[in-house]
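Okay, so here's the structure we're looking at.
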Amino acid sequence: MAEGVSTDPLLSKVILGHLECSICCTRYNQPKNLDCSHSYCLKCLQELKKTQNPDTNKLKCPLCQKETILPLDGVTGLQSNYLLIALVEEVNKQEQLPQGEESKVMCQACDEENAAISQCFNCEHYLCLECHKAHQRLAALKNHEIKTLAELQEVDETQTESKMNISRCDIHPIQELCLYCMTCEQLTCKLCAVQQHKQPMHNLTDLLTAVEICQTEASNGVAQLQKSKFNIAAMRKRLSCLFQETNNNISYHTEQKLEQTRREEIRLKQSAKLMYQKKEKNLAKLQFAEKTMSHTHGIMTNNNRLEILKNRQEFFNKYEHDVIVHEDQEEELTYDLSFIAFCEVENEVELGTLLNKENWELMCEVEVPARCMSSYSTGDIVTVSSSQINILRQLGKDFKTISQIKCKDISRPTAIAVNNEDHLIVLDNPNVKTLNKEFQLLHQFTPGKESGSKPTCLAVDENNLIAVGYKDKGEVSLHNPDGSLIRTLSAPGIDKYMAVSNQRIIYTCNKKLIIVDYQGNKKIETTITECDKGLCCDTGGDIYVLYPKRIQHLSADQGTHVEWININQTDGDTITCTQQGKLVIEKTIFWASTLFIYHRIVTR
């Protein structure tokens, strides 16, 4: 509890216990509200944001762990808790009032260090006797509202409570928030209106008119919501996830461009060196010829002949490690032999473009052994067939196989997934095996051994929890990363296609999409059009169900239909979504597999 507070029982028991920030344990300073209704000091929240992920627009409450999506201007833009501001101000004011000989309030209007006898609400100053008289004497100050300290102390309990509930200005705590600036979208007091929200640059209105405008806009917004079936909170969450994915993709492709530029730098420097060596040797050879001919004038002696050959020996020894200049490589003697320079290409290096709407197009096709597939955080695609692991990487507009590894620890893989540590999780019946980045076995466990069930599908969530499905039992077992069982969930009709996202199990059964939470509660059961051939989720949780010749895109929250993605040239068997937002469809014909990779493009 803060020190120096009033000994009044009501203040100490009812008010003061709620006036301290649970982060800094001191009285609130500019308290801000989170979505969970907990409040903290502005500075405390700014420091808290630095300790959490600074690259996201989310802030996790330290008390209840609920996340708040921050506005564009960050923590500063959160709604102020005006009730707490008024309470703190009122308590601070009461603490400053004289409680006896040991406590005095000093004048704030002069430098005489006289005891205050009153307070001016317009100047926001405590006044001594002389300053009090000056306020009454000067015409400019005559109309200021002044109350003596005795009058302040006589304010009854009802008036105090009423004042505490008045919304106050952060900058001028004594002033009420009585106006609304439509330009800044901000509540303001009269002083702020004069100082910071001057008309006509700012559109000021009274609170009643502002509320009417707000209600009209809200009514229009609700009308839009009623026309659609989408959940706005879920859409905001997906947008946040895809925004993070977009930033990661920009960084990833920038690094690729930088690496390409570095390789080009090395190539150009090597070419420049070869060009320099060639030109320099040609010039040196001509200079040697000139020097040789100078020795041939007059009578040739053995000494002259010996000197010519020694010069030749020295010349060729000097250039023996340089490029060999053949006769057909020799350039004509022009002044250009002394020239070398670098010319910058004028066209700009373009990383890409931002997309505002979803539109899909086939990016490339790759033939690769692929009984099952997944992707790494880097965007590399991993496929597994028997004991062979294949890694594919995007190079330009294509994906190429960059490595093929024989792994002695797997033999009959039926499903794979990648966790957020880029460990490969393999369902190698009857075991689930975890391989590190070098494809060495870290650990394994046997799911369903207690019931004798045979696993048919596998998925890993964002917290590295492993879900294993069993067709024969109609169940899903949820495991920690080390394989220890958390719980078993009922999942009637589950087969070989399953995904996990936002702590939910997603699978299809008899033309139905079923979503079950981690407590086993069925959240959604929605009809789909036909028998599917696989499903997956993107980073935002949206669901993609694969059919012959097309993909159905469903929303993350309610499984609501969003769009059809036509893939007329592709009749795939399974589907996955990379962390860079690409859809990968696998088609196997006579043991030969082809990956069809789709990406989002600019809408034409």
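Scanning for something under 19 Å from residue 375 (Cβ atoms), open to solvent by 20 Å² or more (accessible area, probe 1.4 Å), modelled with pLDDT of 95 or more and more than 27 Å from the chain's Cα centre (by Cα), does region 442-457 turn up at least one residue? The answer is no, given that none of the residues of region 442-457 is under 19 Å from residue 375 (Cβ atoms), open to solvent by 20 Å² or more (accessible area, probe 1.4 Å), modelled with pLDDT of 95 or more and more than 27 Å from the chain's Cα centre (by Cα).
Looking at 598, 547, 518, just one residue is in contact with a strand residue (DSSP E or B) (Cβ under 6 Å, 6 or more places away or on another chain), among the aromatic types (Phe, Trp, Tyr) and surrounded by 15 or more Cβ atoms within 10 Å (Cβ to Cβ), and that residue is 598. Could you please find all residues in region 191-241 being among the small types (Gly, Ala, Ser) and surrounded by 14 or more Cβ atoms within 10 Å (Cβ to Cβ)? Answer for region 191-241, where residues must be among the small types (Gly, Ala, Ser) and surrounded by 14 or more Cβ atoms within 10 Å (Cβ to Cβ): 193, 210, 234, 240. Scanning region 370-400 for residues that are open to solvent by 50 Å² or more (accessible area, probe 1.4 Å) and either among the acidic types (Asp, Glu) or over 29 Å from residue 542 (Cβ atoms) (or both) yields a count of 2. Within region 419-441, the set of residues being open to solvent by 30 Å² or more (accessible area, probe 1.4 Å) and basic (Lys, Arg) comprises 437 only. Once region 140-174 is narrowed to residues that are closer than 21 Å to residue 76 by Cα and modelled with pLDDT of 80 or more, the residue that is surrounded by the most Cβ atoms within 10 Å (Cβ to Cβ) is 168. Taking every residue in region 178-204 that is of a type outside the set (A, V, I, L, M) and pairing it with any residue that is open to solvent by 90 Å² or more (accessible area, probe 1.4 Å), at least 6 positions away or on another chain, the pairs with Cβ-Cβ distances below 7 Å are 178/190; 189/176; 192/171.
Scanning region 23-40 for residues that are surrounded by 14 or more Cβ atoms within 10 Å (Cβ to Cβ) and among the hydroxyl-bearing types (Ser, Thr, Tyr) gives 28, 39, 40. Scanning region 578-604 for residues that are among the hydrophobic types (A, V, I, L, M, F, W, C) and in contact (Cβ under 8 Å) with a residue 60 or more places away in the chain gives 583, 584, 592, 595, 596, 597, 601, 602.
Would you point out the residue of region 279-294, among those that are of a type in the set (A, V, I, L, M, F, W, C) and more than 19 Å from residue 341 (Cβ to Cβ), that is most open to solvent (accessible area, probe 1.4 Å)?
Step by step, filter region 279-294, then rank; the result is 293.
Under the condition of being farther than 18 Å from residue 416 by Cα, over 28 Å from the mean Cα position of the chain (by Cα) and surrounded by 17 or more Cβ atoms within 10 Å (Cβ to Cβ), the residues counted in region 564-595 number 2. Of everything listed in (1) within 23 Å of residue 594 (Cβ to Cβ); (2) assigned to a strand (DSSP E or B), the single unmet condition for residue 379 is (2).
Residue-by-condition table, conditions (1) at pLDDT 95 or above; (2) over 27 Å from residue 602 (Cβ atoms):
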{"residue": "361", "(1), (2)": "no, no"}
{"residue": "368", "(1), (2)": "no, yes"}
{"residue": "374", "(1), (2)": "yes, yes"}
{"residue": "379", "(1), (2)": "no, no"}
{"residue": "382", "(1), (2)": "yes, yes"}
{"residue": "395", "(1), (2)": "no, no"}
{"residue": "403", "(1), (2)": "no, yes"}
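From the list 43, 50, the lone residue that is part of a helix (DSSP H, G or I), open to solvent by 40 Å² or more (accessible area, probe 1.4 Å) and either touching a helix residue (DSSP H, G or I) at 6+ places or on another chain (Cβ under 6 Å) or modelled with pLDDT of 90 or more (or both) is 43. If you check 486, 466 for being in contact with a strand residue (DSSP E or B) (Cβ under 6 Å, 6 or more places away or on another chain) and open to solvent by less than 10 Å² (accessible area, probe 1.4 Å), only one passes: 466. Considering the conditions (1) surrounded by 17 or more Cβ atoms within 10 Å (Cβ to Cβ); (2) within 25 Å of the chain's Cα centre (by Cα); (3) not in a strand (DSSP E or B), residue 410 is excluded by exactly one of them, (2).
If we scan region 18-33, do we find a residue that is of a type in the set (S, T, N, Q), within 25 Å of the chain's Cα centre (by Cα) and closer than 30 Å to residue 250 by Cβ?
In the first step, residues of region 18-33 are kept if they are of a type in the set (S, T, N, Q); the result is 22, 26, 29-30, 33.
Now drop any that are not within 25 Å of the chain's Cα centre (by Cα), which leaves 33.
Adding the requirement that they be closer than 30 Å to residue 250 by Cβ leaves none.
No, region 18-33 has no match at all.
The values are calculated or read from the model by the stated rules, or taken from the named source; none is laboratory data. Every value quoted in this text rests on a predicted model; they were computed, and no experiment measured them. With ideal geometry, Cβ positions are generated from the backbone for all residues, glycine too; neighbour counts draw on all protein chains shown. Surface areas here come from the heavy atoms of the whole protein model, side chains and all, with no ligands, DNA or RNA. Shrake-Rupley method; radii C 1.70, N 1.55, O 1.52, S 1.80 Å.
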